[in-house]
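Here's the structure, in structure tokens; my notes come after.
The values are calculated or read from the model by the stated rules, or taken from the named source; none is laboratory data. Since this is a predicted model, take the numbers as computed values, not measurements. With ligands, DNA and RNA removed, areas are computed over all heavy atoms of the protein, side chains included. Shrake-Rupley method; radii C 1.70, N 1.55, O 1.52, S 1.80 Å.
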Amino acid sequence: MTWQTKQLIEIKMPKCTLFFTQQELQQLLARDPGLWAVAIKRGKHILRARKEKARAAREKPRGP
């Protein structure tokens, strides 16, 4: 399987766009476990916030 047929992860930077396979990105993160932990914590926060926002949109307050 070539890189062209795998799903790529796109990362936009200020002056360029990077494309990684999942394995390549995991290898980079494995070199810095602290960065991996920060990314996981940030991801949990973002997903929680999205769920809360969706919940709030569904539960619109009823008027008088």
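Summary of values
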read-out: Residues (open to solvent by 80 Å² or more (accessible area, probe 1.4 Å) and either modelled with pLDDT of 95 or more or over 21 Å from the mean Cα position of the chain (by Cα) (or both)) located in the stretch 54-64; value: Arg58, Glu59, Lys60, Pro61, Arg62, Pro64
read-out: Restricting the stretch 19-48 to residues that are open to solvent by 60 Å² or more (accessible area, probe 1.4 Å) and outside any helix (DSSP H, G or I), the residue that is nearest to Gln7 (Cα to Cα); value: Phe19
read-out: Arg50 vs. criteria basic (Lys, Arg) and modelled with pLDDT under 95; value: no
